[in-house]
Amino acid sequence: MPDEGRRGHLKLLLGYAAGVGKTYRMLEEARKLKLQGVDVVLGYFEPHSRQATIDMTQGLEMVPRRNLLYRGSQFGEMDTAAILHRRPQVCVVDEFAHTNVPGSERTKRWEDVRVLLDNGTDVLTNMNVQHLESLNDTVWQVSGVRVQETVPDWVVKEADEVVMVDLPPQALLNRLRRGVVYPQEKAQQALDNFFKEPTLVTLRELALRQTAHEVDIRHEPQKDSRLARSPLLRNQPGSPARMGESADRLLIHITTDPSTAALIRRGRRVADFLDAECFAVFVNTGSGLHSLPAAERQTVEKQLNFARNLQIETRILEGEEVAETLVSFARRQGITQIFLLRTRRKNLPAVFGRNLVQQIVWLARDMQVTVVAEHRRL
């Protein structure tokens, strides 16, 4: 039974592609916990017709799925309420990034996991690095696939431990060709598309870097006493203490350009690696967002909401001169880096021979200004 009054611990197994062994490793750890006398259940398990993985569930208690009717078909989702009623010490949850079927209490499985954690249950789960929100544009450029199911970076940062489940790309391709990962027909489609060796090599490098970063940021000494109370995380090696707060503060300039979403992801990722505060700022030359044309207002509101979902503080400023208003705010807030989108040439307003980007660069000479080009697939 979970300890009363404490938040559960989250252990995340990170991979770079389907078939590297995340679910198998997760079930292997669950079986070890059970042998140690820990009360562990399977909250959700996706077999994918992999017999070796299915065999690993033998002897483990599985909480039945909750069936939901959507567009005339039945879908089985994790029954969070049933798990809370069962109150295990540890709950094993497959496919952390999954989007729940409409009609569920929550939109994402990671939201269900947070409910379990809030109620004191430890959770062991898994996901692939391409589901990390800040890497969405990078993965699209590398693979040609725009991943739809994403997990905000701040959610992954909440995990008490992140462990990479690794497998060399060539070994993964061999597993795929043997039909271990997918049935033969689907395997061939995968080989022709996402599962190309250069793509897998790049994704693996991203996963290795991300895991190293996640390990590096878990330095808080106050977690030490909590770790010993978790069957998932006890006896883990400690990390060196954090050297100090970051002096960096970032500002992301929000515009009506749809490509601003990529700029927000870029800025959020840099802020995470620098452990820096981050602002997303829109400068309105009128009086309030309602003064914008409807389409532009909707775009700005969408970008600001996206930034808030990534736990970025948002501001709407008013001023006749965008560059001066933005840089003045940056100075008051002690901003060290400004992220700007390279605006399409036909939209560049020129003032005294300089477009907006050039004006900001000129005014913010004491700050680092990063100009990000529109993301295009090569």
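The values are calculated or read from the model by the stated rules, or taken from the named source; none is laboratory data. None of these values were measured; they are calculated from a predicted model. Because the Cβ atoms are built from the backbone with ideal geometry, glycine has one as well, and the counts that use them run over all protein chains shown.
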- Item | Residue match in region 145-152 (condition: touching a Lys or Arg at 6+ places or on another chain (Cβ under 8 Å) and under 24 Å from GLU277 (Cα atoms)) | yes
- Item | Of all residues in region 119-143 being farther than 22 Å from ILE312 by Cβ and touching a Lys or Arg at 6+ places or on another chain (Cβ under 6 Å), the one that is modelled with the lowest pLDDT | GLN141
- Message: Return the pair list, or none, for Cβ contacts closer than 9 Å from residues in region 202-219 that are over 15 Å from HIS131 (Cα atoms) and without any contact (Cβ under 8 Å) to a residue 40 or more places away in the chain to residues that are surrounded by fewer than 18 Cβ atoms within 10 Å (Cβ to Cβ) and of a type outside the set (Gly, Ala, Ser), at least 6 apart or on different chains.
- Response: HIS219/PRO240; HIS219/ARG242; HIS219/MET243
- Query: Of the residues GLY37, GLY43, GLY76, which single one is among the small types (Gly, Ala, Ser) and farther than 17 Å from THR23 by Cβ?
  - Reply: GLY37
- Task: Kindly list the number of the only condition in (1) surrounded by 15 or more Cβ atoms within 10 Å (Cβ to Cβ); (2) farther than 25 Å from ASP216 by Cβ that fails for GLN337.
- Result: (2)
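Surrounded by 15 or more Cβ atoms within 10 Å (Cβ to Cβ) and either under 27 Å from GLU46 (Cα atoms) or at pLDDT 95 or above (or both): is that true of ARG178 in this structure?
Criteria not met by ARG178.
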- Tell me, yes or no, whether region 238-248 has at least one residue that is out of contact with any Asp or Glu (no Cβ under 7 Å at 6 or more places or on another chain), modelled with pLDDT of 65 or more and surrounded by 11 or more Cβ atoms within 10 Å (Cβ to Cβ). yes
- Residue check: is THR314 modelled with pLDDT of 95 or more and either in the same structural domain as VAL139 (by TED's automatic domain parsing) or hydroxyl-bearing (Ser, Thr, Tyr) (or both)? yes
- Which residue, of VAL215, VAL147, is in a loop (DSSP other than H, G, I, E, B), surrounded by fewer than 20 Cβ atoms within 10 Å (Cβ to Cβ), in the same structural domain as GLY19 (by TED's automatic domain parsing) and of a type in the set (A, V, I, L, M, F, W, C)? VAL147
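With the structure loaded, tell me whether GLY120 is touching a residue at least 12 places away in the same chain (Cβ under 8 Å) and either of a type outside the set (A, V, I, L, M, F, W, C) or surrounded by fewer than 16 Cβ atoms within 10 Å (Cβ to Cβ) (or both) or whether it fails that test.
Against the criterion (touching a residue at least 12 places away in the same chain (Cβ under 8 Å) and either of a type outside the set (A, V, I, L, M, F, W, C) or surrounded by fewer than 16 Cβ atoms within 10 Å (Cβ to Cβ) (or both)), GLY120 qualifies.
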- Which of the residues that make up region 264-321 are closer than 16 Å to PHE339 by Cα and either of a type in the set (Ser, Thr, Tyr) or free of Cβ contacts under 8 Å to residues at least 12 places away in the same chain (or both)? THR314
- Task: Hey, can you tell me all the residues within region 190-204 that are surrounded by fewer than 13 Cβ atoms within 10 Å (Cβ to Cβ) and part of a helix (DSSP H, G or I)?
- Result: ASP192, GLU197, PRO198
- Task: Name, by its number, the condition in (1) free of Cβ contacts under 8 Å to residues at least 60 places away in the same chain; (2) farther than 28 Å from ALA190 by Cβ that does not hold for THR99.
- Result: (2)
- Query: Among GLY144, GLY72, GLY103, GLY76, which is of a type in the set (Gly, Ala, Ser) and touching a helix residue (DSSP H, G or I) at 6+ places or on another chain (Cβ under 9 Å)?
  - Reply: GLY144
- Item | Subset of region 26-54 that is charged (D, E, K, R) and modelled with pLDDT of 95 or more - its residue that is farthest from TYR182 (Cα to Cα) | ASP39
- Residues that are closer than 18 Å to ALA276 by Cβ and outside any helix (DSSP H, G or I), drawn from region 302-329: LEU310, GLN311, ILE312, GLU313, THR314, ARG315
- Go through region 297-347 and give me each residue that's more than 28 Å from VAL155 (Cβ to Cβ) and of a type in the set (A, V, I, L, M). LEU317, VAL322, ALA323, LEU326, VAL327, ALA330
